[in-house]
Amino acid sequence: FILILSISQSAFPQSPASDPTWQLNTAMSDEFNGSSVDNTKWQILNCGTPGTLNWGGSSAFCSSNTSVSGGYLQFMVDSSTWCFNNSLFNKGIYANGFKTGGIQTSILAPQYGYGYFEISAQLPGFYDSNGKPVGQKYWPAFWTYFEEVSQCIHNEIDILDPGGTQYKGTTAGGGSWFQQYIGTTCISIPTGQTSYTNSSPLFAGFHKYAVEWGNNRMIYYFDDVPFAAIYNSPTFIEQGLQAVVIDLQLDGSIGFASDPTQFPQFMKTDY
C-alpha cells in the first residue's frame, strides 16, 4: 500500500515506525494484494492517453507493462517498440524508445494533502561483468503533483526521483519544486533537492522511501531514518491537493552504463 497518514502533533516529528500518534489512512493506502490494479485508486499510465505522456524522454508507458501479482505492483522495462503510437508523439524525440509502466491517482480517488507518504520498493538494476552495480539511465520514481498548466502552476514533491544520470543502482534522490510567472515568463523554482546513497545496491532488496509533508516542513526518510529536511521555506508547496505517481522510466539524456544491458528490468512495490 501507499502509506498516507495524518500529521503528528509532536514538536519533533518522527516516522510512524517510532511515533504511535500517526494514524494510517487505509482508504488512501494500497497493499497491492489483488490480481490487478485497483482502478478506484489508480489510473494505469498508457502512452497515447492524454495526461500520461512520458516525462523521461526515452521510454513510453504501456498498460501491459504494469501488473499486480504475488502482493507486488510491478513495472517492467523491455526493449520492444512502443505499444501505442499516434500524433501525440513527436517522432523525432520518441524514436527507438522502450516500453515501461506506471500508475497515478485515479480521477475516482481523493487527492492527497499534508501527511506522511511511504512506499517499500525494489528498484531496477544489476551487477555488470565486473561485479559493479549498474543503474544508469533507469529512472524509478515516487512523487506527487498539483497542476494547472494555463495558470503556470505545477507543484511537485519528489520522494524518490533519481534521474538516470544520478541513479547508479545505489542513489535515491528527491526534492520539490514549483512553477510561477515571473513577468510573463513561466519558470520553475526549486524548493530544495536532496539525495541519499546506500551502501548496498537498491536493486538487491526492498527499501522504504518516504517524506513527511507539512505546512512548514518537508522531511525525507530512507528506511525510517530522516536524512534531509527543509523547514519554513518561502517556496513551500501549499497550493492544491496532490495526485500520487509511482512509475519507472528511462532518462533520454544519457545512455546505458553497461553493454549489453540486461532486459527486462523491473521496479517492484510491496506497498
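The values are calculated or read from the model by the stated rules, or taken from the named source; none is laboratory data. Fair warning: this is a prediction, and the values are worked out from it, not measured in the lab. For neighbour counting, all protein chains shown are included, and Cβ atoms are generated from backbone atoms with ideal geometry for every residue, glycine included. The protein model used for the area step is the full one, side chains on, heavy atoms only, and it has no ligands, DNA or RNA in it. Shrake-Rupley method; radii C 1.70, N 1.55, O 1.52, S 1.80 Å.
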**Message:** Out of the total accessible area of the range 143-271 (probe 1.4 Å, heavy atoms of protein only), what percent is carbon and sulfur?
**Reply:** 50
**Request:** Lys and Arg at +1, Asp and Glu at -1: add these up for the other residues within a Cβ distance under 13 Å of residue 15 and post the number.
**Result:** -4
**Asked** Amide H of residue 115: which non-local residues (sequence gap of 5 or more, or other chain) have their own amide H closer than 5 Å, using H built in the peptide plane?
**Response** 213
**Point-to-point label distance, residue 189-residue 147, nm (Cα→Cβ direction, 7 Å offset)** = 2.1
**Message:** Take residue 165 and residue 129, extend 7 Å from each Cα along the Cα→Cβ direction, and tell me the distance between the two endpoints in nm.
**Reply:** 2.9
**Request:** For the range 19-36 and the range 179-240, compute the distance between their C-alpha centroids and round to whole Å.
**Result:** 22
**Request:** May I ask you to list the residues of the range 128-151 whose amide nitrogen lies under 17 Å from a point 7 Å from Cα along the Cα→beta-carbon direction of residue 241?
**Result:** 144-148
**Request:** For a label point 7 Å from the Cα of residue 17 along Cα→C-beta, name the residues of the range 191-220 whose backbone N is under 20 Å from it.
**Result:** 194-214, 218-220
**Item:** Amide H partners (placed H, <5 Å) of residue 98, local residues excluded
**Value:** 59, 60
